[in-house]
Ligand SMILES: *Cc1c(COP(=O)(O)O)cnc(C)c1O
C-alpha cells in the first residue's frame, strides 16, 4: 500500500526547505518543484535497488546528443502507479495535480524525432526490465522557444532550468576530465531516474555538464582582472550551454564538435573506469557493455575508446580494435546524402590532435583491410574515412562498429542499395533494420486516458500497456456500432479539449465538428508543409469560385519549429500564416476552412494534438523520411494516415490496411526514374488550379514583409538554385494526387461510422510500432542483452 501520509509529509518538508513556506502558499511552479522532490524521495530506494540488482550484468548504453524527454511528473506518477494517490494528497492540500503538471517546463534537449526516439527507448528499456542507460549532454538551454510575430517565427532561449530540475542528482563524486587541445574541462554527471512501468526497474539517464577545472582565478581577481578571473569558467560552461537547433548537421561548428567529444569521452571514461574498478579485465569489456550510437553525433566513440584502451591502458592496437568494434553499434537516421555528417580535417586536427591521429591510423587499417579484399588504389576513395579534406563520420561508424542499422524497412533497403551500398557489399552481415517505435505509455495511456479506458474495456485487460500487440483484438469490434459511436465520441472529446487549449494559448476558436487535419513535425522542405499549404489555398479558391460544394468543414493545424538559419523553412511558416489570415477572416470561408499554426510545438503540446487528430499528414517526398515516429503516434490514437509510401508509412499501411489509409504520390522508384527529365513547369501549367496557388507567392496576394522569402520559394519550385533542381521535392508533381487523396478523406469522413472503422483499424494495427518491440529487437539482435 502506498503511504499517502508519508507523501504529504514530504510535500510539506520540501515546501518548507525549498521555499520557506507551506504548500498552500506556493504558486504552481513552486508546487511542482516541491511535489516532484517529494516523489523523488519515493523513487530513490527503487533506483538504488535496481542498480544493485543489475550489478555484474551486461548493460546497454545509449549514446545520444539529444534526449527529447518532455515533462516528467505525469509520466513518473503513471509508471510508479501512484497517480490516483498523488491526486488525492494534492487535493487534500487544496491543489490540483493537472495544474501542477502543466506548470512543468519540457526537458527539450532535442530537436525532433531523433531525440524523442531516444526518450521512448529509455522508457521501453526500463519498462521491459533491461539494464539500459542513456548518456548525453545536459544543455543549459534546450530547443529554442518559438513565438510567432506578424506570422513569422521568433526564437528565444529555452531557460528550462530557471526553477531548478527536481528530477536530477548532481554526482560530483563521479566527475571526469575531458581534454582538448587547449586544456581539460570537468564533466559533471547529472543523473535522472528513468522509471519503468510498474516501478520495478529504475534505470539512469546520465547527462554531462561542462565546468571549469579551476572555476575562479583568485590571482586574476586580486590583480583586478575580473573578466580573467572567470574566463576559464565561462569558456568551459559554454560547451554545454545550448542545443544546436538544427535538425540535420551543423557543418563546421567547432563548438558542436566540442560537445560531441565532451559527452562521448566522459561517458566512455566513466564506463571503462567502473569496469576496471570492479576488477574486470578490459578484454571482457564487450561482454559487459553494448554501446549504441544514435546517429553519427557520438561517432568519435570509435577513436576515443581506442585511445582509452591503447594509450591509457596499454593494450595493443589490434586487440583494442576488436574490443571497440564488438562494443559499439551504429544507427543511421538519414538518407539525405547531404546530411551525412563530416568534419573539415583542419578543425578536427586542431581541436582533437590526438584523436585525429588515431582516426588516421584507423583509416590506414581500413586501407589494409580493403587491399586484402582486392580493393586497391582509387577504388578505395569512396571508403576512406579521411578524404578530400574531410573526416567522414558515417564511414568511421560503419568501419568501427559491428552493426549498422536503418530505422524502417524501406530506409534500410535504400541504405543497402544506394547511399551505403559499397559498405553493404563488403560487410553485408553488419547491416540490419530496426523499425522505430514509440512508447504507448506516454503516447496513449497518459495522453489519451479516455481512449485507453475504452481499449482496456474492449480487450478485457490492460495488458496492452506492456504488450501492444494485444491491440489486434480490437478488430473483433469493427462491426459493433456501439463501439464505433463511442470511439467517435471519445475523439470528439479530445477535439473539444484541444480546442479549449488552443483558445487559451493561441486565442483562436476552432470547431470540434470540423475535420482536424494535423501536420506536426519539424519544418523542412522534404516534409512538404508547402504541399499542404497549397492544397488549403486551392480549397479556398474553389469555395470562392462557387466550386466548393462537397468540401467538408476542416481545421488545418500545423505545428513546427524551423532551424533559425533555415530561411526557406521560415518563409514557409510565414506563408502558412498568411494563408491563415486570408482564410480565417474571409466571411465566405471562415466557417468551412480554418488554419491554425500552433506556437512552440514540443512534446507537451504534442500530447494534446495527437489524440485530437482526424487525419495524420505524412506527406514527405518518397525516399526522404527515414522512418518518422509522429506517424505512429497518430495511428495509435486512431487517426488514419494521408501519406506517401515513405519511411515507416509503408509498414503502417501494411498493418492498418490500405483501405483504412489515404496513400498518394510518386513512389521512390518513380521519382528515381523521372528525376533527370522532370520539368515542374509541366504540372504547373497543366494541373488545373495549381498555377494560381503557386503564383500566390509572387502575385501580391500575400505579403512576406519585404523579405523576398516568397519570391525565393517560388524560384525554388520553378527555377531551382545552384544547390538543387527546380521543385527538388516534387511538390508540383504530387499536387494532383494529393488533392485527390484529400478529396477521398473528405468523402470518407462524411460516413461517420465508416470512418470510425478506419480509426479503429489503425489503433488495432499499431502494435508493431511500440518501442518495446524495437528495444527487444535491439536487445536480441545487436546487444545480446537480457532482462
Ligand atoms: C514525435 C515527435 C517528433 C517527430 O515527428 P515526425 O513527424 O516523425 O518528424 C518531433 N517532435 C516532437 C515534439 C515529437 O513528439
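Bear in mind that the values in this text are calculations on the coordinates, not laboratory data. A quick note: this is a predicted structure, and the numbers were derived from the prediction, not measured. So basically every Cβ, Gly included, is an ideal-geometry build from the backbone, and we count neighbours across all protein chains shown.
A full extension of the chain between residue 149 and residue 787 corresponds to an added length of 224.7 nm, given 0.36 nm per residue minus the alpha carbon distance. DSSP assigns beta bridges within the chain; of those with both partners inside it, close to 40 percent run antiparallel. Ranked by the mean number of other Cβ atoms within 10 Å of their residues, highest first, the peptides 597-604, 227-234 come out as 597-604, 227-234. Taking N as the residue count of the chain, its C-alpha radius of gyration divided by 2.2 N^0.38 Å amounts to 0.96. Averaging the sequence gap over all C-alpha pairs within less than 8 Å and six or more residues apart, then dividing by the number of residues, gives the range 409-536 a relative contact order of 12 percent.
In which sequence would 685, 761 go, from the one with the fewest C-beta neighbours within 10 Å to the one with the most?
Listing 685, 761 from fewest to most nearby Cβ atoms yields 685, 761.
For the range 38-184, averaging the sequence separation of C-alpha pairs within contact (under 8 Å, six or more residues apart) and dividing by the residue count gives a relative contact order of 26 percent. Between residue 485 and residue 544, the simple label model (points 7 Å from Cα in the Cβ direction) yields a spacing of 4.2 nm. Take every Cα pair under 8 Å whose residues are at least 6 apart in sequence, average their separation, divide by the length of the chain, and the relative contact order is 13 percent. Between residue 251 and residue 721, the modelled labels are 1.2 nm apart [label points 7 Å from Cα along Cα→Cβ]. Give me Rg over Rh for the range 257-374, both radii from the alpha carbons and Rh done the Kirkwood way, two decimal places. Radius of gyration relative to Kirkwood radius: 0.97. Placing R0 at 35 angstrom, the Cβ-Cβ distance between residue 456 and residue 21 gives a FRET efficiency of 0.30 after rounding to 0.05. Dividing the Cα radius of gyration of the range 1-143 by its Kirkwood radius returns 1.00 for Rg/Rh.
Placing dummy labels 7 Å off each Cα toward the beta-carbon, the span from residue 49 to residue 3 is 1.3 nm.
Descending by average beta-carbon neighbour count within 10 Å, the peptides 369-379, 424-434, 734-744, 136-146 line up as 136-146, 734-744, 424-434, 369-379, the highest first. Expressed in units of 2.2 N^0.38 Å, where N is the residue count, the Cα radius of gyration of the range 548-645 is 1.18. Dividing the summed -39500 (n - 2.57) terms of all DSSP H runs of n ≥ 4 by the residue count of the chain sets its mean residue ellipticity at 222 nm at -14000 deg cm²/dmol.
Listed peptides 495-501, 159-165 appear in the order 495-501, 159-165 once ranked by packing, highest mean of other Cβ atoms within 10 Å at the front. Ordering 768, 392, 177 from the fewest to the most neighbouring beta carbons within 10 Å gives 177, 768, 392. Taking the number of Cβ atoms within 10 Å of each Cβ as an exposure proxy, the fewest-first ranking of 253, 445 is 253, 445. Hey, quick one: spin label on residue 673, modelled 7 Å out along Cα-Cβ, who in the range 601-644 has an amide N within reach, i.e. under 19 Å? Of the residues in the range 601-644, 621-624, 644 have backbone N under 19 Å from the label point off residue 673.
Hey, what does the equivalent ellipsoid look like for the range 505-611, semi-axes from the Cα gyration tensor as sqrt of 5 times each eigenvalue, largest first, whole Å? Spell out each step's value before the answer.
Numbers: eigenvalues 109, 55, 26 Å².
Taking √(5λ) for each eigenvalue gives 23, 17, 11 Å, largest first.
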